Amino acid sequence: MATAVPAERDAVAGAFAGPHHEVRLPGVTLHRLSPAAAGPVLDLLAAGVGPALAAASVAAALTAGALAGAPYDLVVSTGIGGGFAPDAPVGSLVVADEITAADLGAETPDGFLPVTDLGFGTVTHRPPAALVRESAAATGARTGTVLTVSTVTGTAGRAAALRARHPGALAEAMEGFGVAEAAAAHGVPVLELRAVSNAVGPRDRAAWRIGEALAALTEGFGKLAPVLESWNPHEP
């Protein structure tokens with residue numbers, strides 16, 4: 001399963017051969033890609049914007065699959081996002097070795113505390129290391145932390161604060177952690193791939209390169225498809 005908004009969904013779908021048909025579930029519609037040969041069945045889901053909607057949408061699909069006796073082996077969250085300069089420039093690809101909720105916690109007089117420090121839940125999910133390595137090698141993507149935020153960063157101050165708290169961060173997006181939470185609830189591994197459309201920092205829509213990022217995502221997913229099709233879910 002891959003999650004994306006409609007334009008990103010088209011970029012992903014183009015990487016796989018074969019026709020597709022719609023599968024309607026409560027609240028979501030899957031685009032099921034028929035394998036060209038004996039390959040795996042792949043479902044695409046436009047999960048929506050933000051971690052809450054992404055989690056709800058993916059959970060609905062995972063639950064439906066489990067109830068039908070056809071559980072998923074892997075969930076892939078993909079799309080465009082912001083990159084932390086200079087490590088993840090516009091047009092580059094990032095594969096997450098950690099998927100972290102950047103703003104899930106509490107502000108205190110001493111600074112931000114993640115929910116883990118408050119004794120609740122987790123803020124980080126780690127995709128399978130072997131799959132991350134193979135995906136990065138196939139696509140030429142950089143590997144690092146992809147932050148999930150509910151509010152897109154729009155100032156230099158917030159960008160600096162995020163990077164200070166998460167020195168391994170390469171990109172930020174709005175869905176990965178929600179997708180990973182749903183996947184974890186079902187015991188399904190997760191992977192996140194992002195194409196960088198803009199720099200994390202002062203909001204400047206004129207500097208966004210969405211078309212360039214979607215082109216990079218299309219090319220990257222074309223290279224990633226064989227990795228996903230051959231991946232062994234029992235690898236660590």
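The values are calculated or read from the model by the stated rules, or taken from the named source; none is laboratory data. Computed from a prediction, not measured in an experiment: that's the story for all the values here. Note that each Cβ is placed from the backbone with ideal geometry, even for glycine, and that neighbours are counted across all protein chains shown. The protein model used for the area step is the full one, side chains on, heavy atoms only, and it has no ligands, DNA or RNA in it. Shrake-Rupley method; radii C 1.70, N 1.55, O 1.52, S 1.80 Å.
For the stretch 142-154, filtered to residues that are open to solvent by 20 Å² or more (accessible area, probe 1.4 Å) and modelled with pLDDT of 95 or more, the residue that is nearest to ALA213 (Cα to Cα) is ARG142. Contact map, the stretch 188-206: residues that are within 14 Å of GLY83 (Cβ to Cβ) paired with residues that are of a type in the set (Asp, Glu), Cβ distance under 8 Å, separation 6+ or inter-chain. Pairs shown: SER197/GLU212; ASN198/ASP204; VAL200/GLU172. Sub-9 Å Cβ pairs linking a first residue in the stretch 84-98 that is in contact (Cβ under 8 Å) with a residue 40 or more places away in the chain and over 16 Å from VAL179 (Cβ atoms) to a second residue that is open to solvent by less than 50 Å² (accessible area, probe 1.4 Å) and acidic (Asp, Glu), at least 6 apart or interchain, are PHE84/GLU172, ordered by first then second residue.
Assess whether THR139 counts as being under 12 Å from the mean Cα position of the chain (by Cα), at pLDDT 95 or above, open to solvent by less than 20 Å² (accessible area, probe 1.4 Å) and polar (S, T, N, Q).
Here the answer is no, as THR139 does not meet what is asked.
Name the residues in the stretch 46-63 that are modelled with pLDDT of 90 or more and either open to solvent by 20 Å² or more (accessible area, probe 1.4 Å) or assigned to a strand (DSSP E or B) (or both), would you? Listed by number, the residues that qualify are PRO51, ALA52, LEU53, ALA55, ALA56, ALA59, ALA60, THR63.
There is no residue in the stretch 82-96 that is surrounded by fewer than 19 Cβ atoms within 10 Å (Cβ to Cβ) and outside any loop (DSSP other than H, G, I, E, B). Which members of the stretch 161-174 meet the condition of being open to solvent by 60 Å² or more (accessible area, probe 1.4 Å) and in contact with a Gly (Cβ under 9 Å, 6 or more places away or on another chain)? Listed by number, the list holds a single entry, ARG165. What do you reckon, is GLY187 surrounded by 24 or more Cβ atoms within 10 Å (Cβ to Cβ) and among the small types (Gly, Ala, Ser)? Criteria not met by GLY187. Selection of the stretch 142-187 for residues being without any contact (Cβ under 8 Å) to a residue 12 or more places away in the chain and within 22 Å of VAL49 (Cβ to Cβ) yields only ARG158.
Residue by residue, here is whether (1) closer than 17 Å to VAL132 by Cα; (2) in a strand (DSSP E or B) holds:
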{"residue": "ALA160", "(1), (2)": "no, no"}
{"residue": "ALA164", "(1), (2)": "no, no"}
{"residue": "VAL179", "(1), (2)": "yes, no"}
{"residue": "LEU191", "(1), (2)": "yes, yes"}
{"residue": "PRO202", "(1), (2)": "no, no"}
{"residue": "ALA213", "(1), (2)": "no, no"}
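What tally of residues in the stretch 202-223 results from selecting those that are buried (at least 21 other Cβ atoms within 10 Å of the Cβ) and out of contact with any Asp or Glu (no Cβ under 7 Å at 6 or more places or on another chain)? Of the residues in that region, 4 qualify. Among the residues of the stretch 178-190, those that are among the hydrophobic types (A, V, I, L, M, F, W, C) and over 8 Å from the mean Cα position of the chain (by Cα) comprise ALA180, ALA182, ALA183, ALA184, ALA185, VAL188, VAL190. When ALA129 is tested against the conditions (1) over 28 Å from ALA164 (Cα atoms); (2) in contact (Cβ under 8 Å) with a residue 40 or more places away in the chain, the lone failure is (1).
Only a single criterion out of (1) more than 18 Å from the chain's Cα centre (by Cα); (2) closer than 13 Å to ALA182 by Cα; (3) of a type outside the set (Ser, Thr, Tyr) is not satisfied by VAL76, namely (1).
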